[in-house]
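Only one structure is covered here, and it is reproduced in the block below.
Derivation of every value follows stated rules applied to the coordinates shown; laboratory data play no part. Keep in mind that this is a model prediction, so the values were computed, not measured. A quick note on method: Cβ atoms are made from the backbone with ideal geometry, for glycine too, and the neighbour counts reach across all protein chains shown.
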Amino acid sequence: MIFIVSFLVVLMLVGAVAASIFRDLISAVIAAALVSLIASVLFYFLQAPDVAMAEAAIGAALTAAIFIIAIRRTKRYEE
Amino acid sequence: MRRIISILLLVIVALGISLSLAKIPFGVPKTKVGKHYINEGVKETGAVNIVTSVVVSYRGFDTLGEVTVLFIAAIGLGAVLSTVRKKTARKIEPASLVLSTGCRVLFPLILVFGTYIFIHGHLTPGGGFQGGAIIASAYLLIYLGCRERRINAKVSMSLESLGGLLFVVVGLFGLAIGGYFLTNFLPKGTPNLLFSAGVIPIIYIAIGFKVGSELTGIIDNLIEES
């Protein structure tokens with residue numbers, strides 16, 4: 001159990017760093033969605049299924065979609 | 001120079017946060033009210049899910065405020081986007097057959113799951129916000145997979161208004177019958193049954209409809225724009 005959780009936390013940190021250094025904004029949004037998804041799994045492990053559900057639906061799905069729609073209207077690559 | 005100052009500032013902030021977190025005992029109950037919710041929550045509200053009894057019953061007025069914040073955000077987005085909307089009809093490229101068929105099969109299942117989440121909010125984890133978000137993600141799937149389909153904006157807006165109205169009306173009924181806003185005036189019934197916990201399922205159904213149609217409206221507004 002502790003190994004799974006530490007692996008997920010490391011993956012989450014990697015996703016967070018990747019989201020901040022990617023120049024391709026779509027990739028950055030996907031990495032941020034990965035952070036949300038792992039956060040929802042961790043919430044579930046911490047026995048907060050309510051929060052996990054909200055995080056998975058809003059953080060991973062809706063926010064990423066809204067960001068991608070916004071990127072389609074502007075520029076894909078950061079200078 | 002600026003870099004050194006910012007690093008110094010970061011170190012000071014991290015030190016302050018870690019020192020104050022170290023003072024908080026972990027895993028020890030710190031408040032009496034939390035104990036009261038856990039021990040008396042089921043008896044007082046009839047909801048087996050303690051989170052729901054806090055969100056809808058003990059802190060129901062705060063929930064009304066949260067729903068209002070979401071409502072104002074959706075209205076603000078709609079107002080901002082309506083000023084820049086262009087009227088040209090765009091040619092929509094249809095998605096492939098596999099994608100559109102998959103979306104059409106998955107859509108009702110996700111919809112039923114979202115509805116289950118908010119109707120059973122007082123029994124199982126979840127509730128109006130979670131169910132509404134899941135329903136909105138089902139509509140997002142339809143927007144991405146079957147691109148020629150559109151929701152009826154009038155229906156979604158009236159559902160949203162009806163949900164908010166139902167919440168306030170139930171609260172005012174509680175004020176008239178029990179003496180304070182959102183009194184649980186219906187019989188509480190046996191815990192663990194679907195028809196239990198008085199007004200809590202009604203309020204959660206209202207919240208579910210409201211949040212679902214609001215988030216769907218936000219996605220609808222944004223996709224129309226792009």
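If only one of A:Val9, A:Val35, A:Val5, A:Val14 is surrounded by 17 or more Cβ atoms within 10 Å (Cβ to Cβ), away from every other protein chain (no Cβ under 14 Å) and assigned to a helix (DSSP H, G or I), which one is it?
Unique residue meeting the criteria: A:Val35.
What number of residues within the stretch B:149-201 satisfy the criterion of being surrounded by fewer than 17 Cβ atoms within 10 Å (Cβ to Cβ) and under 22 Å from B:Asn49 (Cα atoms)?
10
Please indicate, with yes or no, whether at least one residue in the stretch A:45-55 is under 27 Å from B:Gly126 (Cβ atoms), surrounded by fewer than 17 Cβ atoms within 10 Å (Cβ to Cβ) and of a type in the set (S, T, N, Q).
Yes, because at least one residue in the stretch A:45-55 is under 27 Å from B:Gly126 (Cβ atoms), surrounded by fewer than 17 Cβ atoms within 10 Å (Cβ to Cβ) and of a type in the set (S, T, N, Q).
Any chance the stretch B:196-207 includes a residue that's within 14 Å of chain A (Cβ to nearest Cβ) and closer than 23 Å to B:Arg59 by Cβ?
Yes; the residues of the stretch B:196-207 include at least one that is within 14 Å of chain A (Cβ to nearest Cβ) and closer than 23 Å to B:Arg59 by Cβ.
Can you tell me which of B:Val211, B:Val170 is in contact with a Phe, Trp or Tyr (Cβ under 6 Å, 6 or more places away or on another chain) and under 18 Å from B:Gly131 (Cβ atoms)?
Working: B:Val170 fails: in contact with a Phe, Trp or Tyr (Cβ under 6 Å, 6 or more places away or on another chain).
Criteria check complete, one pass: B:Val211.
Within the stretch B:84-91, identify whether any single residue is in contact (Cβ under 8 Å) with a residue 40 or more places away in the chain and under 27 Å from B:Leu215 (Cβ atoms), and answer yes or no.
Going residue by residue through the stretch B:84-91, those that are in contact (Cβ under 8 Å) with a residue 40 or more places away in the chain are B:84-85.
Now drop any that are not under 27 Å from B:Leu215 (Cβ atoms), which leaves B:84-85.
For the stretch B:84-91, residues in contact (Cβ under 8 Å) with a residue 40 or more places away in the chain and under 27 Å from B:Leu215 (Cβ atoms): present.
Taking the stated definitions as given, is B:Leu159 in a helix (DSSP H, G or I), away from chain A (no Cβ under 14 Å) and either of a type outside the set (Phe, Trp, Tyr) or in contact with a Pro (Cβ under 9 Å, 6 or more places away or on another chain) (or both)?
yes
Looking only at helices (runs of 4 or more DSSP H) that lie completely in the stretch B:52-145, which have at least 1 residues being charged (D, E, K, R)?
In the stretch B:52-145, the matching helices (runs of 4 or more DSSP H) lie at B:60-84, B:97-119.
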